[in-house]
Structures are given as C-alpha cells and as structure tokens.
Amino acid sequence: MSIESKVAKTLAELGIENGDAIVSAFAEVNNAMQAERARAIASGAIDEPARLMAAKRLRDRWLARKSGILNAIDENWLKQAARDIKPAVGREFNRLRQAAAVMEMDELLAAIPLRASATPPAGGKNVAPVQVAWGGRARPTDLTLPGNRRELGSLHPVTQVQREIEEIFLGLGFRIETGPEIESVYYNFDALNIPESHPSRDDWDTLYIDPQTVLRTHTSPVQIRAMEKYGAPLYIIIPGKCYRRDNPDSTHSPMFHQIEGLAVDAHISFADLKGTLDYFAKRFFGEKTRTRFSPTYFPFTEPSGQMDVSCFACGGKGCGVCKQGGWVEVMGCGMVHPEVLRHGGLDPDSVSGWAFGLGVDRFALAKFGVNDIQLFFQNDVRFLEQF
Ligand SMILES: [Zn+2]
C-alpha cells in the first residue's frame, strides 16, 4: 500500500490500535519521506529552474496545507484516533512534523545540488552549457564514459640534464647558487680579471644594455657574488642562462645554459679538481669513462685547463662524435686566480679554490644524440615529447 493510500485511511481502518503499531506506522512514513528527499538530492538538478521545480514538488507533496501528506495524517490519523491512543498518536505526529522541517523550500533548495555537467564554465557568460538537449530532455550523465584526461607535460631535455648534473654535485656536498642574468660589467668582466682589452668584452661578442650593464656572458659572476656573500669555505654549483652575440646555428645559440662549479677552502689543490671532475665524468657518462686534462688559458683561473672524456659514443676507439680522436672536450676548469679571490673579499694566502664551467645544452646534445642545438629552443612538442 502506498503512503498516500495509507494516510487516506484512519488508524482504525488500518488496524493500528496499540503503541508499538503507532510508532512503526509513523516510522514508515518518516522513512518514506527521507528516502524521497535523498533521491532528489542524489539526482540533482540541471539548472536553477529545474531545482526550484523539484523542491516545490517535494515540499507540496508533503507539506501543502490542504493536499499534503502531513495534513492527511492530521485529518485522518490524529483527529479520528480513538481517545485511548490519541496522546500516543499526537506525540508521534509532533515528532514527524519536526522531522519534516527538512522538506521546507529553503532546506530543499540548499540541499539539492546542480549537476556539474550542466554548469557553464565560470566567467563564461557566452559559453554554451555543456549539457546537450536530447529529444527535448537533458542527456542523463553516463558514468561509463571515459573522463576528460588532461595530458601531463614533462621536463625539458635541457632541464633534465641540468637536474642530473645538479644531483651529482649535491651528493658531493655542493649547494646550488643563482644570480642575475642582467649583470654589471664589473661582476661579468672586471672582478673576474678579464682586462678592458679582452676581445670577449667587444660589442660583437657581448649584448650590452648600457655601457655598464650586460646580459651575462657566463655564470662566473655568481662566483664573486657568492664569495662576497658567504666567504670561505664555499662549495657551490651555479646553473643558469647566459647570453652571447652568436648567430644561431646547429652548435650556437644567443641564449644558452651553463653550470659553473666553485670550491674554495684552505689547502684546495689541482688534485681536488681532478678527483672531483673525474668522479663527475664517471657518474654522468658511465663508470668506464676516462678523463684527461690539458692546459689552456682563461683570465680567471691559473693554471687553466680543459677536461676531455673518453668518447661516450665509441668508448675511445674513434667515431664521428669524437672526430676519430677517441676524446671529447667537455669543460673548462682551473685553479681560481688570486685576483678573483681578492675581488670576492678572500685572502689568496689563506684559501685557494678550483672552478669549472660547462655548457648544459652541449651535454644534452651528447646525452640524447641530438645534432642541432636549435631543436631545444624551438619548442616543437613533437620533438620535446620524445624525451
Ligand atoms: Zn667516438
């Protein structure tokens, strides 16, 4: 028997005569009311008018003054009750009336949610709702359809290589230090012992913002900034972008990435430099990698060297990558020039240091077997998603 037909009869007609039967009759009504409310909330509404309609229909069915179910209970159950059960029926009816407060309009409107798929995107006044009219009715939500997948990006290959190099040095106790890309001529050249006459200071090599300001041509100015800031001992690596007036081709880019390393402490020797960089080469290029050092010249180190590694492509036998020589040059390095230490505020008689600088982009070219540095900066997703 439906709730409506039950409440249309008197309790006597329903054979309800004692307290337990009264309690369970009212419990049945309350359960039916709560179940209808729960169904309305679970269904939700596709828009405001639909929500208003659903709430009003439910409220009227239960609470309407003349035709509502609670009114029928008042008329048929309570008023018609035999005198001996009337107090018990009145008590249960009061409890039901209190429970029925959740069927008031305000309560229902607050409880029934708008379905997400029917909500236009925030701020998109002119955007058509996603909900599609379907035979004049709203399309029901199909929970078996696949969800909207947002594709995940990945780290740029140059960033991957930078992180890999950072990890190796972080494991050795180095810290990461950074500095400005727009740099003063003092930090970029003077403090690094690069004389006024040095060709790298030429307009043709360096991008000047004004006569005293450049886009840094290397990460080395951060060496001076860090020495000023922290003093010694100092063990840092300095990753970052650098700029030179180079025409873009397969091996040059006006913007490129460097990692600089600097160790300053008492009794630092060239043996420390060789030991650390040899360990780094084996970690990055593989355990069988051999290293060799040969002399060269940089204004900011003395002595200066370059480090070659045994060819990572052929193992040293000779191939296209190493131009048949079996060795590949990978970085410049050397003992920090005493003038540079002085510019950093340190005393070259009590501390010494070594430094290196490498091109991250070139390491990435080697690691991934890419033959054109421009590919890294063109941001073609078809290229980048291969890494
Ligand atoms: Zn080779």
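One decimal place: the segment residue 245-residue 21 gains 71.2 nm when fully extended, by the rule 0.36 nm per residue minus the C-alpha distance.
Within a straight-line Cα-Cα reach of under 20 Å, residue 282 can be paired with the following lysines, leaving aside sequence neighbours fewer than 8 residues apart in one chain: 274, 317, 367.
Starting from the Cα gyration tensor of the chain, take the square roots of the eigenvalues, sort them a ≥ b ≥ c, and report rounded, prolate or oblate (rounded when a/c is under 1.5, otherwise prolate if a/b is larger than b/c, else oblate).
Working: a/c = 3.87, a/b = 3.43, b/c = 1.13.
Because a/c hits 1.5 or more and a/b exceeds b/c, the chain counts as prolate.
List the pairs from 6/66; 241/323; 9/66 whose alpha-carbon separation is above 19 Å, in the order I gave them. Provide the component values of the computation, followed by the final result.
Values: 6/66 17 Å; 241/323 29 Å; 9/66 16 Å.
Result: 241/323 exceed 19 Å.
Of all aspartates and glutamates in the structure, the ones whose alpha carbon falls short of 18 Å from that of residue 79, not counting any fewer than 8 places away in one chain, are 4, 13, 17, 92.
Just subtract the alpha-carbon distance of residue 342 and residue 84 from 0.36 nm times their residue separation and send over the number in nm, one decimal.
On the way: separation 258, 0.36 × 258 = 92.88 nm, distance 10.70 nm.
Additional length available on full extension: 82.2 nm.
You can think of it this way: the chain between residue 378 and residue 107 has 91.8 nm of extra reach, that is 0.36 nm per residue less the Cα-Cα gap. When peptides 22-34, 373-385 are sorted by average Cβ neighbour count within 10 Å, with the highest value leading, the order is 22-34, 373-385.
Under the simplified labelling scheme, the residue 145-residue 166 pair shows an inter-label distance of 4.1 nm, with each label point 7 Å from Cα along Cα→Cβ.
How much accessible area per residue does the chain have, counting only protein heavy atoms and a probe of 1.4 Å, in square angstrom? Spell out each step's value before the answer.
Working: 21900 Å² over 387 residues.
Each residue of the chain exposes 57 Å² on average to a 1.4 Å probe.
Take each peptide in 241-248, 225-232, count the other Cβ atoms within 10 Å of every residue, and average; sorted highest first, the result is 225-232, 241-248. Based on C-alpha pairs under 8 angstrom that are at least 6 apart in sequence, the chain has a relative contact order of 13 percent.
Isolated cysteines of the chain, defined as having no other cysteine beta carbon under 4.7 Å away, are 242, 333. Pairing the Cα long axis of helix 157-171 with the longest principal axis of the chain, what angle in degrees results, from 0 to 90 and rounded to the nearest 10? Here the helix axis deviates by roughly 80 degrees.
Using the average count of surrounding beta-carbon atoms within 10 Å as a protection proxy, the listed peptides 62-73, 329-340, 288-299, 194-205 rank, highest first, as 329-340, 62-73, 288-299, 194-205.
Any idea what the relative contact order of the range 306-387 is, in percent, if you count C-alpha pairs under 8 Å spaced at least 6 apart?
With pairs under 8 Å counted, the relative contact order is 20 percent.
Could you work out how far helix 221-230 tilts from the main Cα principal axis of the chain, as a 0 to 90 degree angle to the nearest 10? Once rounded, the angle reads 70 degrees.
The values are calculated or read from the model by the stated rules, or taken from the named source; none is laboratory data. Being a predicted model, the structure only gives us computed values, none of them experimental. With ideal geometry, Cβ positions are generated from the backbone for all residues, glycine too; neighbour counts draw on all protein chains shown. Note: areas computed on protein heavy atoms with side chains; ligands, DNA, RNA excluded. Shrake-Rupley method; radii C 1.70, N 1.55, O 1.52, S 1.80 Å.
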